[in-house]
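The values are calculated or read from the model by the stated rules, or taken from the named source; none is laboratory data. Computed from a predicted model, the values in this text were never measured in an experiment. Cβ atoms come from the backbone with ideal geometry, glycine included; neighbour counts cover every protein chain shown. When the accessible area is computed, the model is the full protein with side chains, heavy atoms only, and any ligands, DNA or RNA have been set aside. Shrake-Rupley method; radii C 1.70, N 1.55, O 1.52, S 1.80 Å.
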Amino acid sequence: MTVRETIEAQCSRSIGAMLRRRVQLTPSRPAYLHPDERNAWVTLTWGQIGEITEQVAGGLLAAGVGYEQRVAIASNTRVEWVLACYGSNLMGAATTSIYPNTTDDDVAYILADSGSVVAFVEDAAQVAKITDHSELDDQVRLVVVFSGSGDGDRVIPWSEFLDRGRAYNKAHPDAVKAATEATGPETLATLIYTSGTTGRPKGVELLHHSWTYLAGAIESMHFIDMDDLQFLWLPLSHVFGNCLLFIQIQVGFSSAIDGRMDRIITNLSEVKPTFMCGAPRIFEKVRAAVLTGENSVGLKGAIARWAFSKGRASIPYRLEGKPMPKVLAAQYAIAEKLVFSKLQARLGGRMKFMVSGSAKLSRQVQTWFYSAGLLIVEGYGLTETSAVAFVNHWSEPKFGTVGRVTPGMDHMIAEDGEVLMRGPLVMRGYHDSPEATAEAIDADGWFHTGDIGVIDDAGFLKITDRKKDLMKTSGGKYVAPQKVEGIIVANVPLVAQAVAVGDGKKYIAALLVLDPGTLNTWAERAGKHGLGYAEQTRLPELRAWIDSHLVRANSKLERWETVKKYEILDHELSVDSGEVTPNMKVRRASVVRDNQALVDSMFDAEEED
């Protein structure tokens, strides 16, 4: 049997069948830990998950939801999100995930395009995004609120919905089981709308088989085991967060779940997880906080810099599993005790590895964490490939790459360098868009990712460019904006986002957006008290600080990639302005268009290379 056939032979027929198997195998083991109203952690066992998801499934059947009909979820990451998702898939419905920061108009568009008939929402603000659109009144017949009360008819609280589910299951004891058995590998499980950096989002159709296969493939890699504890804060509206729910069912590990960003560090120290997944920005923020914090200056700063220099020197030995020279080993032990142990403790003290995905991770950020004994491995995938197409295994990471292909998936590099994928993780297609589907998936079944990459002799993939984003200077040099932007963010700790510009120009320039929290800390330390974000961005001292750090960033770029000029935006990018997507990906064209005068000013009197 091939690798794919072996994994498929062990896959459950559907997500619902996979969940029933997990509940039967380990009913007493903890499944999810979640905070209550007092922020105390409450545990739900797999047996309890089984009971509640049966109620969710019954509640949906009572509401008349049928096979493959869509059930929307618009909420921050919380345990109810998981229960709504599992319960929907248990009775054969398909979930439509919506970011809670999605604008009213886009919420209405996604609900209408998906044909969602029931919506689970977090609070009254999310309810209003639906009820304010009268054209959805007949279509979305039930809205279930996780936090808050209802109106007694169309909008009901979570507790009442579960009561309805219990009552339905009592009156129809075999209905949920029958619905699960009618759900098969080719049933639609998930409809996720892409971030839409260039226009309206497209609905990506993922089948039950995509998720059960991914879960089986990850289990076959021995990547995570049942005794692991995940800290789950990622947006479940994103495919990266979504996939973790199904991997967890198959493997049986536990997750502490809380999507509140301001609680991440506190939660990590409390639950002490063994692994965590995140987007690069969260790792960049942790590093920036350390590099600009009170311990970054004076004697403490000197000790930290010495410690990290020894950490960097130790990397080749630790990556290859070789003993360090005696002097370096002794120095690293001192660095561990004085500096690294404190950083490790902030992340709970038990972290075996972290996984970065959804965007490119800076090599500098990765090596900085590894210097301190904290491993971040990088993976790669798209919504259209069920999130995990490639991933580095924690036992043999190769920095600067996104790892090897998920077992059983076909992959190749096209003549123009584009990464192509084929296999069970690839979407069925774009919802109600055969033309877009045909454009993305060719006649031989290859999905065209739009990313340019190279695969080394050991099978590790390195993503180099985004096919449509390459800029070309007037001197004929191609520049990948993601590379320039990533290096700026990694080397100028105050920068949260950078937008490189310069297509057709003699040189590259950049628009910079600063992190408000880190900027405020910097301003206070510089004696600039009581200033707002916009005022802080105009400080001459700030520009001098950025200038000094930009020298380091430019030293890591090719000559034709270096940033000659920059401007600091006096505002943050927002979803409402259309400058970022709901999952915070920068819409480069929108940012440039909204700040065209500022961009033009950087090229009014072009310099020679």
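The number of residues in region 148-164 being closer than 15 Å to Asp123 by Cβ and modelled with pLDDT under 85 comes to 2.
Taking the criterion of being over 19 Å from Met584 (Cα atoms), at pLDDT 85 or above and out of contact with any Asp or Glu (no Cβ under 7 Å at 6 or more places or on another chain), the residues of region 463-498 that qualify are Thr464, Thr473, Asn491, Val492. All of (1) under 21 Å from His208 (Cβ atoms); (2) open to solvent by 20 Å² or more (accessible area, probe 1.4 Å) hold for Ala57 with one exception: (2). Looking across region 69-107 at every residue that is over 22 Å from the mean Cα position of the chain (by Cα) and modelled with pLDDT under 95, the one that is surrounded by the most Cβ atoms within 10 Å (Cβ to Cβ) is identified as Asp104.
Filtered by the rule that a residue be farther than 19 Å from Cys11 by Cβ, open to solvent by less than 10 Å² (accessible area, probe 1.4 Å) and not in a strand (DSSP E or B), region 205-232 gives a lone residue, Asp228.
Let me confirm something: among Arg4, Arg21, which residue is out of contact with any Cys (no Cβ under 8 Å at 6 or more places or on another chain), open to solvent by 10 Å² or more (accessible area, probe 1.4 Å), assigned to a helix (DSSP H, G or I) and closer than 29 Å to Val117 by Cα?
Details: Arg4 fails: closer than 29 Å to Val117 by Cα.
It is Arg21.
Whenever a residue of region 401-424 is more than 30 Å from Thr367 (Cβ to Cβ) and in contact (Cβ under 8 Å) with a residue 24 or more places away in the chain, its partners that are of a type in the set (Ser, Thr, Tyr) and assigned to a loop (DSSP other than H, G, I, E, B), lying with C-beta atoms within less than 8 angstrom and at least six residues away or across chains, give the pairs Gly408/Thr2.
Residue-by-condition table, conditions (1) farther than 21 Å from Ala57 by Cβ; (2) basic (Lys, Arg):
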site: Ala124; (1), (2): yes, no
site: Lys129; (1), (2): yes, yes
site: Asp138; (1), (2): yes, no
site: Leu142; (1), (2): no, no
site: Gly148; (1), (2): yes, no
site: Asp153; (1), (2): yes, no
site: Ile156; (1), (2): no, no
site: Asp163; (1), (2): no, no
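Only a single item in (1) of a type in the set (D, E, K, R); (2) closer than 30 Å to Ser574 by Cα; (3) in contact (Cβ under 8 Å) with a residue 24 or more places away in the chain is not met by Asp262, and it is number (3). If the condition is being among the basic types (Lys, Arg), closer than 21 Å to Val391 by Cβ and assigned to a helix (DSSP H, G or I), then region 315-364 contributes Arg318, Arg363. Considering the conditions (1) open to solvent by 10 Å² or more (accessible area, probe 1.4 Å); (2) among the polar types (S, T, N, Q); (3) closer than 30 Å to Thr190 by Cα, Ser356 is excluded by exactly one of them, (1).
Please go through region 250-270 and pick out each residue that is assigned to a loop (DSSP other than H, G, I, E, B) and buried (at least 19 other Cβ atoms within 10 Å of the Cβ). Full working, then the answer.
Step one: filter region 250-270 for residues assigned to a loop (DSSP other than H, G, I, E, B), giving 252-253, 258-260.
Gly252, Phe253, Asp258, Gly259, listed by residue number.
Could you please let me know if Asn39 is surrounded by fewer than 19 Cβ atoms within 10 Å (Cβ to Cβ), under 23 Å from the mean Cα position of the chain (by Cα) and assigned to a loop (DSSP other than H, G, I, E, B)? Criteria not met by Asn39.
Within region 301-334, being closer than 25 Å to Ala496 by Cα and open to solvent by 70 Å² or more (accessible area, probe 1.4 Å) holds for Arg305, Arg312. Considering only region 544-587, state which residues are open to solvent by less than 60 Å² (accessible area, probe 1.4 Å), touching a residue at least 40 places away in the same chain (Cβ under 8 Å), within 19 Å of Ser358 (Cβ to Cβ) and of a type in the set (D, E, K, R). Listed by number, the list holds a single entry, Arg587. Ser314 falls short on exactly one of the conditions (1) more than 27 Å from Ala359 (Cβ to Cβ); (2) free of Cβ contacts under 8 Å to residues at least 40 places away in the same chain, and that condition is (2).
What residue, among those in region 335-353 that are without any contact (Cβ under 8 Å) to a residue 60 or more places away in the chain and among the hydrophobic types (A, V, I, L, M, F, W, C), is surrounded by the fewest Cβ atoms within 10 Å (Cβ to Cβ)? Can you show your working first?
As a first pass, look at region 335-353 and keep what is without any contact (Cβ under 8 Å) to a residue 60 or more places away in the chain: 335-344.
Narrowing further to those that are among the hydrophobic types (A, V, I, L, M, F, W, C): 335, 338-340, 343.
Values: Ala335: 24, Leu338: 14, Val339: 23, Phe340: 22, Leu343: 18.
Ranking the candidates gives Leu338 first.
Restricted to region 138-148, and to residues there that are outside any strand (DSSP E or B) and in contact (Cβ under 8 Å) with a residue 12 or more places away in the chain, the residue that is least open to solvent (accessible area, probe 1.4 Å) is Val140. When the residues of region 125-137 are filtered to those that are loosely packed, with under 15 Cβ neighbours inside 10 Å and assigned to a helix (DSSP H, G or I), the one that is nearest to the chain's Cα centre (by Cα) is Ala125. Go through (1) outside any loop (DSSP other than H, G, I, E, B); (2) farther than 20 Å from Arg287 by Cβ one by one and return the number of the condition Leu512 breaks. Here Leu512 clears every test but (2). Residues considered: Pro280, Pro273, Pro235. Of these, the only one that is under 30 Å from Arg22 (Cα atoms), at pLDDT below 95 and crowded, with 19+ Cβ neighbours inside 10 Å is Pro235.
Yes or no, residue by residue, for (1) surrounded by fewer than 23 Cβ atoms within 10 Å (Cβ to Cβ); (2) among the charged types (D, E, K, R):
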{"position": "Gln364", "(1), (2)": "yes, no"}
{"position": "Leu375", "(1), (2)": "yes, no"}
{"position": "Glu378", "(1), (2)": "no, yes"}
{"position": "Thr385", "(1), (2)": "no, no"}
{"position": "Asn392", "(1), (2)": "no, no"}
{"position": "Ser395", "(1), (2)": "yes, no"}
{"position": "Gly400", "(1), (2)": "yes, no"}
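For region 433-478, give me each residue that is farther than 30 Å from Lys505 by Cα, assigned to a loop (DSSP other than H, G, I, E, B) and open to solvent by 80 Å² or more (accessible area, probe 1.4 Å). Passing the criteria: Ala443, Asp444, Asp457. A residue that is surrounded by 22 or more Cβ atoms within 10 Å (Cβ to Cβ) and assigned to a strand (DSSP E or B) cannot be found anywhere in region 515-526. When you scan region 402-416, do you find a residue that is open to solvent by 60 Å² or more (accessible area, probe 1.4 Å), more than 25 Å from Ser356 (Cβ to Cβ), of a type in the set (A, V, I, L, M) and not in a strand (DSSP E or B), even just one? Within region 402-416, none of the residues are open to solvent by 60 Å² or more (accessible area, probe 1.4 Å), more than 25 Å from Ser356 (Cβ to Cβ), of a type in the set (A, V, I, L, M) and not in a strand (DSSP E or B). (1) under 25 Å from Phe240 (Cβ atoms); (2) in contact with a Lys or Arg (Cβ under 9 Å, 6 or more places away or on another chain): which one isn't true of Gln55, the others all being true? It fails just one condition, (1). Summed over region 365-401, the residues that are within 20 Å of Val204 (Cβ to Cβ), among the hydrophobic types (A, V, I, L, M, F, W, C) and assigned to a loop (DSSP other than H, G, I, E, B) give a count of 4.
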